[in-house]
Amino acid sequence: MGVGVGLLMTGGTAEAAAARRVFFGAYTTWSGGAKGIGIGTYDTATGQLKTTGVISGVVNPSFVIESRDGRFLYAVNENTKGEVTAIDARSLKVLNKQATGGADPCHLTLDPSGKFVITADYSSGSLSVFPVKGDGSLGARTQKVQHKGSGPDPERQEGPHAHHIVFDPAGKYAAAVDLGADSVFVYSFVNGQLKLVSTAKFKPGAGPRHIAFHPNGKTAYVANELDSTIVVCSYADGKLTPGQSLKTAPASGVRNYPAEVLVSGDGKHVYLSNRGHDSVAHFSVNGAELALVGHTPVGGKYPRHITLDPSGGFLFAANQNSNNVTSFAVDRASGKLTPSGTALQTPIPVCVLPTRLG
């Protein structure tokens, strides 16, 4: 479904360059907010982004994912009365929405079968499970799991705050990261039901936010929002064991809040977005440990989300407080990031979804 094809001359040969679709999650109820999920494209040769429209009527779609066949989109509606919305990715029509039963869902994932959507509801500290129907729409919630726990930060950790849920590379277990409880809860998922199998506790006040698994399935990396660290965890049989901890940004007069963490497809590089320091931290993978390589200025303010495009050749950053999305070319060997193209201005971007199928 490439939306445009051109030719890029490289070393005397012509290589196909296509424009691929991308969607932007955003806040709609904030002052100056978006009208819904942003629609755009990016150039596969340069990483240049542009907007082409909006899927209107979707409230606070702060995180957006696609089905594995690319036919459907699913977005959280981050409100006190939490909901999740299903969208036809071809017609861009809203199919339906369902109540999560929790407050302020901020992340969601599909299970490996593609038959269930699971949301992480931040304010209520809960997870919600929804069956996916044959037409891509969502059935009513079939399970709600309530986290328990708190931490020493009186403003952010008065109770549990589920922030992220993702399946491990084998697709056997789902890790749910809870900022308020300073924990990552790991669940089995059988017959559409979550069942707790282990709990990994992190340093009190760390505020774990997101997790990324290494492709080998033996290591995971947890971004801690409140103490500005990344923790390397060993992983086996549904159990995380926290180990090495590294600062994600140099000490300065501005408090830093890590957000997204991701791993390159070859498993050699880890990237993390720093809100406050406004950079992407780059770490190299050295066996079971990480080493800081350096920081790349993100070209905006408060990078809420970073992601790699399907080729791994570009990294995009959604800069919430500067209303722009920036692009970086990724050097495959060194992992170095180089700004590419002109920053795209778009209202309160907090998620970037480059589609897998064009």
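The values are calculated or read from the model by the stated rules, or taken from the named source; none is laboratory data. Because the structure is a prediction, the values reported are computed rather than measured. Cβ placement follows ideal geometry from the backbone for every residue including glycine, while neighbour counts extend to all protein chains displayed. Calculation scope for accessible area: heavy atoms of the full protein, side chains included, ligands and nucleic acids excluded. Shrake-Rupley method; radii C 1.70, N 1.55, O 1.52, S 1.80 Å.
Points to keep in mind about this one:
- For the peptides 112-124, 256-268, residues were scored by their other Cβ atoms within 10 Å and the scores averaged per peptide; the highest-first order is 112-124, 256-268.
- Checking the Cα-Cα distances for Lys144/Lys172; Lys81/Lys201; Lys97/Lys144; Lys133/Lys268; Lys218/Lys247 against a 26 Å cut-off, the pairs over it are Lys81/Lys201; Lys133/Lys268.
- Derived scalar couplings between HN and Hα for region 253-267 equal x, 9, 5, 10, 10, x, 10, 8, 10, 8, 10, 5, x, 8, x Hz in order, rounded to whole Hz, by the Karplus curve 6.51 cos²θ - 1.76 cosθ + 1.60 (θ = phi - 60°), x for Gly and Pro.
- Measuring nothing but how far apart in sequence close Cα pairs (under 8 Å, 6+ apart) lie, relative to its length, the chain scores a relative contact order of 12 percent.
- Per residue, the accessible area of region 275-337 comes to 37 Å² when a 1.4 Å probe rolls over the protein heavy atoms.
- Solvent-accessible area per residue in region 215-269 equals 42 Å², computed with a 1.4 angstrom probe and all protein chains kept.
- Relative contact order computed over region 262-302 (Cα-Cα under 8 Å; 6+ residues apart), in percent: 33 percent
- With the convex hull constructed from alpha-carbon coordinates only, the chain shows a mean projected area of 16.8 nm² over all directions.
- Surface exposure of region 28-158, expressed per residue as accessible area with a 1.4 Å probe, stands at 42 Å².
- Split the accessible area of region 45-154 by element, probe 1.4 Å, and carbon with sulfur accounts for 50%.
- Its Cα gyration tensor gives region 113-190 an equivalent ellipsoid. The semi-axes, each the square root of 5 times an eigenvalue, are 26, 14, 8 Å from largest down.
- Accessible-area composition of region 208-284, carbon plus sulfur, in percent [1.4 Å probe]: 53 percent
- Remark on Val352: its backbone amide H falls under 5 Å from those of Gly25, a criterion applied only to residues 5 or more positions apart or on other chains, H modelled at 1.01 Å from N.
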